[in-house]
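Worksheet: one structure, shown below.
The values are calculated or read from the model by the stated rules, or taken from the named source; none is laboratory data. This is a predicted model, so every value here is computed, not measured. Here Cβ is always computed from backbone atoms with ideal geometry, including for glycine, and neighbour counts include all displayed protein chains. Just so you know, the surface numbers come from the protein's heavy atoms only, side chains and all, with ligands and any DNA or RNA stripped out. Shrake-Rupley method; radii C 1.70, N 1.55, O 1.52, S 1.80 Å.
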Amino acid sequence: MNSSPAVLIVGAGAAGIAAATRLLEHGFYNLTILEGENRIGGRIHSVRHGNNMLDYGAQWVHGKDNNFIYDMANEYGLVEIEPHKENDLYYRSNGEPVPKHLSDRMMNTLHKLLDANVEALKSFSGSLGEFYDMVFQDALRAGKFAGIDRRTCYQLYDFFIKYENTYNATDTLHEISGAGLLEFEDNQDEYLINWRNRGFHTLLDLLMKKLPEQNGANPIPVEDYIRFNHTVNSIRWNTNLDRESVTIGCANGATFTARHLIVTVSLGVLQEMHHRWFDPPLPLAKRNAIEGLYIGTIGKMFLEFDEPFWPTDGTWHGFGLLWEKDDLDQIASDRRWLTGVCSFFVPAHTERLLVAWVFGDAARTMESLPEADVIHGLMYLLRKFIPPTFGRLPAVPRWFSRTRWHNNPHFRGAYSSRSLKSDLMNAKAADLATPLLTGEGSRALPIVQFAGEASHPELYSTVQGAVGSGWREANRLITAYRTSTLPKKAKL
């Protein structure tokens, strides 16, 4: 390996691995990937626990239509569609189940109304939360939920809002742009497509052509090019073609120089570090995109029990939490974070595992609490919401684990969205994706490039967006060297 590699990639997540595989396939062997963690994957993090592969980050492939991730996986039979909705059952905080026919009708009606109002959302100037509230209240006044009592309607709507916050990794939908949501290309015909207990990291093996199912393919040895535990401290860049354009300093004292840099770290890391990292500072449009786009936090909490206390006949996959007002008012201040727990679910192909979702400030609080406090809080919820017909619940789980995406300085959040602040600042993913160039016209060459899910204008927040952005930036370099009229000195 040359001590001054021609191309540096910061981050070995989905975007970094996608960029690296594409570059290596096109002969860009003078490559180094700097990764702050001791593993690849970034926000794809699959961990073996007993007989199960647990996904701490990305878990499901969302949608079959126009989804190259699904196409890649389905070609080898690596994924399956779960034959149930994500949220089938709802329990109140007094242990009372909501009749399924009522919850199904309420939720189906609400979703149909929201779908029917998409055109109105295009011109809506307020927040997504305001828009949802308006549609719900109009439906309530118009009798769209006739036969369902107002208490149930409000409880299910409150769950819907919490679920949407969890799904979008937002603190509150009242700070999320209504019209901005329509930038997202939503082809999600099936929401629950799992990896058959192999974990989402199977996608990384697909990209690197390492799977046994890819018989005859030549593996791409990406990991040979990765420097693990290399946390970036500084990035000096210039547009002088007579010398290397980028110098990176790492926390461990290592220094790397290169002609080109592809930055694939999360938006949260860029927001925290761009002022300290880049010398000279990034252009105004780039800083505006970084500071104006939104990234939030969600978390998972894994509880494994000696034996399942729930039905195991395939009819029970978890439940959504509906709070009674009196219970909500009486919850202790040091347990308020529990109101941000949206639901519990049983991952496919597991038998004794429950996973809880939490969002926003509650997720950040969860990350900082002692483990025992989190466990006791979750068991408090289970005892409060699970119907008495389930019998006596275990005192504690046999094993517990949790995510910490916000506390980890290599991530600082889960994934991106579009806020009212984004609209106000006119912050665009396209501006984040625009490379810093040297030269003009046919002599233009990218020096510093940006990839990652937040940089994808239509597929932000998704693994598709991350992988697609990595390919985009690799292709940008490949095309530049294929068509450039630069002197030989600048060629690879």
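Stokes-Einstein diffusion for the range 171-263, with the hydrodynamic radius set to the Kirkwood value over Cα pairs and evaluated at 20 °C in a medium of 1.002 mPa s, equals 117 µm²/s. Among beta bridges identified by DSSP and lying wholly in the chain, the antiparallel ones come to about 70 percent.
To put it simply, the accessible area of the range 343-492 at a 1.4 Å probe is 53 percent carbon and sulfur. Summarised in one figure, the compactness ratio Rg/Rh of the range 413-464, Cα atoms and Kirkwood Rh, is 1.07.
Considering only alpha-carbon pairs that sit under 8 angstrom and 6 or more positions apart, the relative contact order computed for the chain is 24 percent.
Accessible surface computed residue by residue for the range 118-158, with neighbouring protein chains in place and a 1.4 Å probe, gives 51 Å² per residue. Given in Å, the Rg to one decimal and the Dmax to the nearest whole number for the Cα atoms of the range 91-149 are 13.5, 42.
Given Lys162/Lys286; Lys100/Lys144; Lys210/Lys428; Lys209/Lys428; Lys300/Lys421; Lys85/Lys325, which pairs have Cα atoms separated by over 29 Å? Checking Cα-Cα distances, Lys162/Lys286; Lys210/Lys428; Lys209/Lys428 exceed 29 Å. Based on the reciprocal of the average 1/r between different C-alpha atoms, the Kirkwood radius for the range 51-179 equals 17.1 Å. Projecting the Cα atoms of Ala372, Pro394, Gly360 onto the charge dipole of the range 341-437, computed from C-beta unit charges around the Cα centre, puts Pro394 farthest toward the positive end. Ranked by the mean number of other Cβ atoms within 10 Å per residue, highest first, peptides 44-54, 340-350 order as 340-350, 44-54.
Summed over qualifying helices (DSSP H, 4 residues or more, each -39500 (n - 2.57)) and divided by its residue number, the chain shows a 222 nm mean residue ellipticity of -10000 deg cm²/dmol.
The loop-placed GluC sites (Glu not before Pro) in the range 135-237, going by DSSP, that have at most 14 neighbouring Cβ atoms within 10 Å of their Cβ come out as Glu213. Pairs of Cα atoms nearer than 8 Å and 6+ residues apart set the relative contact order; for the range 3-126 it is 14 percent. Under the criterion of Cα pairs below 8 Å and six or more residues apart, the relative contact order for the range 118-211 equals 41 percent. Panel note: the C-alpha atoms of the range 357-450, placed on their principal axes, show extents of 72, 28, 21 Å (largest first). Percent of accessible area on the range 175-229 owned by carbon and sulfur, 1.4 Å probe? Here it works out to 42 percent. On a per residue basis, the range 287-333 carries 40 Å² of accessible surface, using protein heavy atoms and a 1.4 Å probe. Seen from all directions on average, the chain presents a Cα convex hull projection of 24.4 nm². Taking 0.692 mPa s as the viscosity and 37 °C as the temperature, the Stokes-Einstein diffusion coefficient of the range 305-349 based on its alpha-carbon Kirkwood radius rounds to 256 µm²/s.
Placing +1 on the Cβ of every Lys and Arg and -1 on the Cβ of every Asp and Glu, with no other charges, gives the chain a dipole of roughly 1240 debye about its Cα centre. Where the centroid of each part is defined by its Cα atoms, how far is the range 1-76 from the range 322-382 in Å? About 31 Å separates the Cα centre of the range 1-76 from the one of the range 322-382.
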